[in-house]
Amino acid sequence: MTNKKNMISRRFFGFTLVGIGFSSTIKSAWADSAPPPAPIPKAALPKATPEKAAKKSGPRILCYVGGYTRSGPAESNAKGITLFEMNPQSGILTQLGHTTPADNPSFLAISPDQNCLYTVNEVSDFGGGHTGAVTAFRIDRRTGVLTSLNIVSSGGADPAHLSVHPSGKYLFVANYTGGSAAVLQIQPDGSLGLLTDLVHNTGPKMPERAKDNPPGNYAVSDHSGAHVHMIQTDVSGKFVLACDAGLDRVYVWSFDMGTGTLKPAEQPWLTMEPGSAPRHFCFSHDGKVIYILGEQDSRVVVADYDTQTGAMQVKQTASTVTAHFRGSTLAAEIILHPTGKFLYVTNRLGNAIACFKVNEDGSITLFDEVWERADYGRALSFDPSGKFVFIANQRSDCITSFRVNTDTGALDFTWNFVPIGTPTSFAFTVLDSE
């Protein structure tokens, strides 16, 4: 019988932190005796050119990063939502100003018009009740600075994901511990209004481990009940889908724009491998193929998606680790490159990025596993151009990045490390030049 106290659950991993610090104050033994380096002659410095000046004054790429500010048994290192500007040539992230205070802003989303940012507050004690919260911010389109609009209940405990309807009129929230999917109305000014629907999932108890686990996988995902881990519309906005990592289902609802309510689709859910813990998904650009990531078995399920009914037909299951891999791994994020030709997945315990080629029929082929250069890579995100991919390394308190070869899909490490406490989520936006 499995000892429950020794089980490694999704919450345990999310709330157990191992910091990796680098001190800039340590001096080499010879530093005190060696003469200072000679200054670089001004003539040797590169001169600004009109071309470089034009690039500098072009659109600015900003990146918001959220993370855990508190995490149960131990305090986390994040302070809220941190704003960075990205250099479009090097991919380097430079922090702008101070961090915006927010309580456990573990997942972020930006409105379609780019004027507002929303974050879950992954807590279970908001307002003295057993619920989490969602906070709305206004984005200053000149500076990127956030101004809080309001904070409201998410309708359930520990919200782990949120997304905005393509119309910009509704916000969807996945309450992990609460086991529910919530719909919130978005007001004309971007603030959050009434809760228009709240669906609680129910189903039979599922096993804690999947039969198709990687060999030697000791990690388990929490199957104590319903745990909604992601919620988002399909490409059209007609249907809303949610991964339930506790019930091993991907739910599908038709969405009523007039009332903001969810109605079970003809095929109300897709049954996944028992114990696999479906966590996140993404669609092909035409919306006809869905890629669903299993957290516990670290596999991608590829399914044809009927855009008229929301029904899914599985056609492939692909491992995110090579046949050589042995040990524990928990998959975290799945994203499709803007070209639609490549798919990438983070494996948190394996500290690797799985790189897939997308074939013409939508199926995928694993062609590489790339070391993240840090620990517990959680979120994975492209910059708006798709030239760079960024990894939020939760336990290493840093962000690492890779340059993407848009022809082959290969990843080339940039050697850029950005220090930040317990990062878990990215949200990019582009500001117009002044």
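Any read-out appearing in this document is the output of simple, stated calculations on the displayed coordinates, not a laboratory observation. All figures in this text were calculated on a predicted structure; none of them were measured in a lab. All Cβ positions, glycine included, derive from the backbone under ideal geometry; neighbour counts span all protein chains shown.
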Filter on Lys169/Lys288; Lys357/Lys387; Lys288/Lys315; Lys205/Lys238 - keep pairs with C-alpha separation over 20 Å = Lys169/Lys288; Lys205/Lys238
Ranked packing of 405-412, 176-183, most packed first, by mean Cβ within 10 Å = 176-183, 405-412
note = The answer for the per residue Cα convex hull volume of the range 68-176, in Å³, is 120
task = Hey, can you grab everything whose amide H is under 5 Å from the amide H of Asp368? Only 5+ residues off in sequence or another chain; H modelled, so Pro and N-termini drop out.
result = Cys355
inquiry  = 5 Å is the cut-off here: which amide hydrogens, built 1.01 Å from N in the peptide plane, fall below it relative to Leu330, excluding neighbours closer than 5 in sequence?
reply    = Arg348, Leu349, Gly350
message = Rg and Dmax in Å for the range 121-270, alpha carbons only: what are they?
response = 16.6, 52
inquiry  = Rg/Rh for the range 344-428 to two decimals, with Rh computed the Kirkwood way over all alpha-carbon pairs.
reply    = 0.97
remark   = For Thr147, the net charge from surrounding residues (Cβ-Cβ under 14 Å; K, R +1; D, E -1) works out to +1
ask   = Among 153-162, 249-258, how do they line up from the highest to the lowest mean number of other beta-carbon atoms within 10 Å?
value = 153-162, 249-258
3J(HN,Hα) from dihedral phi, the range 166-175, Karplus parametrisation 6.51/-1.76/1.60, rounded to Hz, x for glycine, proline = x, 6, x, 9, 9, 10, 10, 10, 9, 8
note = Simple spin-label estimate for Asp212/Lys288, 7 Å along Cα→Cβ, in nm, reads 2.4
query = In whole angstrom, and with the biggest value first, how far do the Cα coordinates of the range 91-152 range along each principal axis?
reply = 39, 24, 18
query = Taking the chain as a Gaussian network, where each spring joins two C-alpha atoms under 10 Å apart, which residue of Gln114, Gln187, Gln296 fluctuates the most?
reply = Gln187
